[in-house]
Amino acid sequence: MTTTEPDVPNARAGSGFADWTPQELEDNGSLLLRRLREHFTTLRGRPVTTDRAAKEIHDLIDEPLPRGPQEFAEVLEQTWRDVLPHLTQWNHPRFHAYFSNSSSGPGILAEMATAALNVNVMLWDAAPSAAAVESTVLRWLGEMVAYPADGDAVLVDGASLATLYALAAARERLDGLDIRRTGLADAPALRVYASDQTHSSIDKAAITLGIGQDNVVRLPARTDGSLDPAVLDDRIGQDIRAGYRPCAVVATVGTTSTGGIDPVGELAEVCAHHGVWLHVDAAYGGFWRLTESVRPHLPDLSRADSLVANPHKVLLCPMEASALFSRHRDALTQAFRLVPEYLSTRQEDGSVDFMNYSLQLGRQFRALKLWWIIKSFGTDGITEQLTATTALADRLRRAAAATPPWHIANPDSPFPLVCLRHAPPGLSREETDALNRRIHHRVNAGRRCYVSHTVTDAGYVIRVSIGNIHTRSEDVDALWHELTAAALAEGSPT
Ligand SMILES: Cc1ncc(COP(=O)(O)O)c(C=O)c1O
């Protein structure tokens, strides 16, 4: 009989190799937690991004494939020395690019626990209580966005794949076609409709599903960034007469560029009239419903055939958590359920096999981080945080509105997403675009704040997303200072 060394309980007989002992895990874990404590204590004072060129960063990090073991303390040291300073710090209080998001304490620890448990939430039997946690979390998330959660629901990594799955479900529902079985060869050309403000993930989904990018009909948005139902209705009618088969409409609640909101109720009427699936991309906008200031601006989402909302954009949750819902029970499973013998298990009342709701078979226990975040903060705490965030955006809007020639290019958006344009009189549109681009790049080069941009009807705008849990009014004031200083330094005449 092999006896196990008491100090190396995981060692294999006759082998020097072993996983860390539980004691080593705790010791190394403490080293990491100490680093993280220091990281968060000093983060506000450190640069948001790196000043090194891509090649330099590769040179710092690239090394021959390691053969021998290395002490974890050294690996950690190298990570903190060579990797951390050359990240763009998304969890920094002055990161305002793309959609600024947060990784909060319970989410961080849940990621560690998820890896330690390493369960695969593919079949009920494979991870029973994890599947139950996922079902509960999905019901909670549905409640937060006021979407009926009694149909199909699943957590996926991001909204791009959620939309792909939703459009696959829409395609599967097309009467008289059986594309899942026969493919697209004999099908009429399918079409997907959206406004020109809709996220590029719709095109990627159409490419992947064989619908084709040319069959994504992007209709020009109105000045507030929304899709006009009458224009949609006309276009679907024209396409039907021309022999196309409308498959789905994608409406957005919180467009990426400017935080626009499509009129979901009216679009649902158009879709019902033509028998077309309505998917709502509420990846960014959905969870802001928790706040009193945004809620009145949000449409009723319950008529959407499917809906995606991203906890990883808004709910203080680390990356890769997106919730996909369809109010039609079995809509997702009809598209994705495929059970080979080696995956068939006993079914019992209440069991749920999440592998049947998307393409993904092996699935991490993604729901744990959401369960911990929602339980640790409560919806009251989350709402308080999101409300404070909208107030910070208002602070920036007020500063800009009081300081011509700064303009707010998306005044209708209720979200903490502020599109700013510095437009001194006397400059052409091209000159103003170039000036704003230079201001944007100068601000980011200073590395104290980080913003992104988009192009609206007004031209090039500096896009400020406020959404990090650590952001305070002093950070927003610092950003405003950077923006105005950059405008001056770039020779703005005013
Ligand atoms: C409106 C909208 N939809 C979809 C996406 C894609 O989200 P993900 O990164 O989760 O795939 C984004 C990303 O920012 C977005 O803004």
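The values are calculated or read from the model by the stated rules, or taken from the named source; none is laboratory data. Keep in mind the model is a prediction, meaning the values are calculated, not measured. Neighbour counts run over all protein chains shown; Cβ positions are idealised from the backbone, glycine included. The accessibility values were calculated without ligands, DNA or RNA, using every heavy atom of the protein model including side chains. Shrake-Rupley method; radii C 1.70, N 1.55, O 1.52, S 1.80 Å.
Among the residues of this structure, Ala283 counts as one that is outside any strand (DSSP E or B) and within 16 Å of the ligand (Cβ to nearest atom). Exactly one residue out of Leu332, Leu396 is surrounded by 15 or more Cβ atoms within 10 Å (Cβ to Cβ) and farther than 27 Å from Gly265 by Cβ, and it is Leu396.
Could you tell me whether any residue of region 193-209 is farther than 30 Å from Val137 by Cβ, polar (S, T, N, Q), within 16 Å of the ligand (Cβ to nearest atom) and not in a loop (DSSP other than H, G, I, E, B)? So far as region 193-209 goes, yes, one or more of its residues are farther than 30 Å from Val137 by Cβ, polar (S, T, N, Q), within 16 Å of the ligand (Cβ to nearest atom) and not in a loop (DSSP other than H, G, I, E, B). Among the residues of region 145-163, those identified as crowded, with 22+ Cβ neighbours inside 10 Å and in a helix (DSSP H, G or I) are Val145, Ala159, Ala162, Thr163. When region 220-271 is filtered for residues that are over 20 Å from Val461 (Cα atoms), surrounded by fewer than 22 Cβ atoms within 10 Å (Cβ to Cβ) and free of Cβ contacts under 8 Å to residues at least 40 places away in the same chain, the ones remaining, listed by number, are Asp228, Ala230, Val231, Asp234, Gly237, Gln238, Ile240, Arg241, Ala242, Pro263, Gly265, Glu266. Scanning region 83-114 for residues that are in contact (Cβ under 8 Å) with a residue 40 or more places away in the chain, assigned to a helix (DSSP H, G or I) and away from the ligand (no atom under 16 Å from the Cβ) yields Leu84, Gly105, Pro106, Ile108, Leu109, Ala110, Glu111, Met112, Ala113, Thr114. Restricting to region 300-336, and then to whatever is among the aliphatic types (A, V, I, L, M) and away from the ligand (no atom under 16 Å from the Cβ), can you tell me which residue is nearest to Met112 (Cα to Cα)? Among them, the one singled out is Leu332.
Quick one: would you say Glu292 is open to solvent by 10 Å² or more (accessible area, probe 1.4 Å), assigned to a loop (DSSP other than H, G, I, E, B) and within 16 Å of the ligand (Cβ to nearest atom)? Answer is no for this residue. Scanning region 115-143 for residues that are closer than 24 Å to Gln347 by Cβ, assigned to a helix (DSSP H, G or I) and not aliphatic (A, V, I, L, M) gives Trp124, Asp125, Pro128, Ser129, Glu134, Ser135, Thr136, Arg139, Gly142.
In region 116-142, the residues that are surrounded by fewer than 21 Cβ atoms within 10 Å (Cβ to Cβ) form Cβ pairs under 8 Å with partners that are of a type in the set (Lys, Arg), at six or more places apart or across chains, as follows: Asn120/Arg363; Met122/Arg363; Asp125/Arg346.
Tell me, please, whether a residue that is in a loop (DSSP other than H, G, I, E, B) and open to solvent by 30 Å² or more (accessible area, probe 1.4 Å) can be found in region 307-318.
no
One residue alone among Val253, Val264, Val270, Val231 is more than 16 Å from the ligand (Cβ to nearest atom) and closer than 25 Å to Gly142 by Cα, and that residue is Val270.
Just to be sure, is Ala323 open to solvent by less than 80 Å² (accessible area, probe 1.4 Å) and either on the phi > 0 side of the Ramachandran plot or assigned to a helix (DSSP H, G or I) (or both)? Criteria not met by Ala323. If the condition is being in contact (Cβ under 8 Å) with a residue 40 or more places away in the chain and either closer than 26 Å to Ser103 by Cα or in a helix (DSSP H, G or I) (or both), then region 333-360 contributes Thr333, Gln334, Ala335, Phe336, Leu343, Phe354, Met355, Tyr357, Ser358, Gln360.
Listed conditions (1) more than 16 Å from the ligand (Cβ to nearest atom); (2) modelled with pLDDT of 95 or more are all met by Ala149, apart from (2). Residues in region 137-146 that are in contact with a strand residue (DSSP E or B) (Cβ under 9 Å, 6 or more places away or on another chain) and either more than 16 Å from the ligand (Cβ to nearest atom) or under 19 Å from Gln360 (Cα atoms) (or both): Val137, Leu138, Arg139, Gly142, Met144.
Looking across Asp457, Asp394, one residue alone is over 23 Å from Asp475 (Cβ atoms) and within 28 Å of the chain's Cα centre (by Cα). It is Asp457.
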